[in-house]
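What follows is a short report on a single structure.
The values are calculated or read from the model by the stated rules, or taken from the named source; none is laboratory data. Being a predicted model, the structure only gives us computed values, none of them experimental. For neighbour counting, all protein chains shown are included, and Cβ atoms are generated from backbone atoms with ideal geometry for every residue, glycine included. Side chains are part of the model used for accessible areas, which takes the heavy atoms of the whole protein and leaves out ligands, DNA and RNA. Shrake-Rupley method; radii C 1.70, N 1.55, O 1.52, S 1.80 Å.
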Amino acid sequence: MTDARRLALTLSSGHLHPPAPEIDTLLHTLLTSPTPHTPQFSPGTLYYTAYRLGPTPLWELLTRPFNGRQGQEYNYNHGVGTVLNYAELGPMHVRARGTFEAEPGGE
């Protein structure tokens, strides 16, 4: 089984309790590999992060007291992308938009 497949199966199992050193190791392997990757996102779809490296994002911290929903919506076209961060804080919805582009030599 490939590292990417093992990572996907582990993340989708729902039995993950961060921090998980084995996931950190798999993520590092994939992030440092020379394998090309072209992101494909369904426009308008709100994505949830199943696992991340580093500190807890502000969006998650803000939604905890409200048991609110948070996520990201990504759109990517010809090396330029946009991201919409979304959080529900009780009756209020907070959104922030940003852009990103492919690294040199990447798509």
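At a glance:
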{"quantity": "Using a Förster distance of 41 Å, the FRET efficiency for ARG64-THR35 (Cβ separation, nearest 0.05)", "calculated": "0.70"}
{"quantity": "Accessible area (Å², 1.4 Å probe, nearest 10) - GLU60", "calculated": "40 Å²"}
{"quantity": "Length released on extending from LEU53 to ARG97, taking residue separation times 0.36 nm less the Cα-Cα span", "calculated": "13.7 nm"}
